Amino acid sequence: MDSDVARQLNDDIWHPFRLSYSRLDAPAFLALHSPELIRAGGPAKQVLGFAGYSAQIEQWFADLADRGSSVDISFRFVERIADGDLASERGIFRMVATRADGDQRTFYGRFHTYARRVDGRWRICVDYDTDERSDSLEANFLAAVDVDDVGAFDA
């Protein structure tokens, strides 16, 4: 993947993804996704379209905010491929959930997204993640390529 394309994907998707998660900003988060979104996997092992996923995210973010909880998510990549206006990216995420009382839990999982650039802006079209929420993924996460290492996958 060309480093300029990786930088654009970061600017359009990955950095706003982290920020909207940390702010529990459902509208900003959902704006990163295509209206034709297919969302699959996760702990519930579901397949959802944009409407179903939107309702789920809005409720989850609202519940977290009501409880005074927060969540931080980070991404590292094992593969970033792009050709023209299409991209496929695979990696490992780390999610740190913090309750209002300060109790923290860290979760890891694998993800695979497909994105499309429309009108000069990248959007997630397909988002799949595993229900593999194991601490054993920590070493894999640390070994994967940091989101900001945009030259790591240069073709």
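We did not get these values from a lab; they are worked out from the coordinates using the rules stated. This one's a predicted model, so the numbers in the text were calculated from it and none came from an experiment. Neighbour counts run over all protein chains shown; Cβ positions are idealised from the backbone, glycine included.
Quick notes on this structure:
- Acute angle (nearest 10 degrees) that the helix 50-67 long axis makes with the longest principal axis of the chain, alpha-carbon atoms: 40
- Estimated FRET transfer efficiency when R0 is 30 angstrom, pair Arg99-Asp154 (beta carbons, to 0.05): 0.15
- Long-range amide H partners of Cys125 with built H, under 5 Å: Ser34, Tyr114, Ala115, Arg116
- Dmax and Rg, reported as Rg then Dmax, of the chain (C-alpha, Å): 15.2, 47
- With loop membership from DSSP and a limit of 16 other Cβ atoms within 10 Å, the longest segment of the chain without trypsin sites (Lys or Arg not before Pro) is 46-98.
- Förster radius 22 Å - calculated FRET efficiency between Tyr114 and Ala65 (Cβ-Cβ, nearest 0.05): 0.15
- Fewest-first ordering of His15, His112 by other beta carbons within 10 Å of each residue's beta carbon gives His15, His112.
- Per residue, the average separation of C-alpha pairs within less than 8 Å and at least 6 apart gives segment 3-146 a relative contact order of 25 percent.
- By the count of neighbouring beta-carbon atoms within 10 Å, fewest first, Val145, Val47 end up ordered Val47, Val145.
- Beta-bridge orientation, segment 3-146: approximately 90 percent antiparallel, per DSSP, counting only bridges with both partners inside.
- Net length available on complete extension from His15 to Ser88 is 24.6 nm, with 0.36 nm assigned per residue and the Cα-Cα distance removed.
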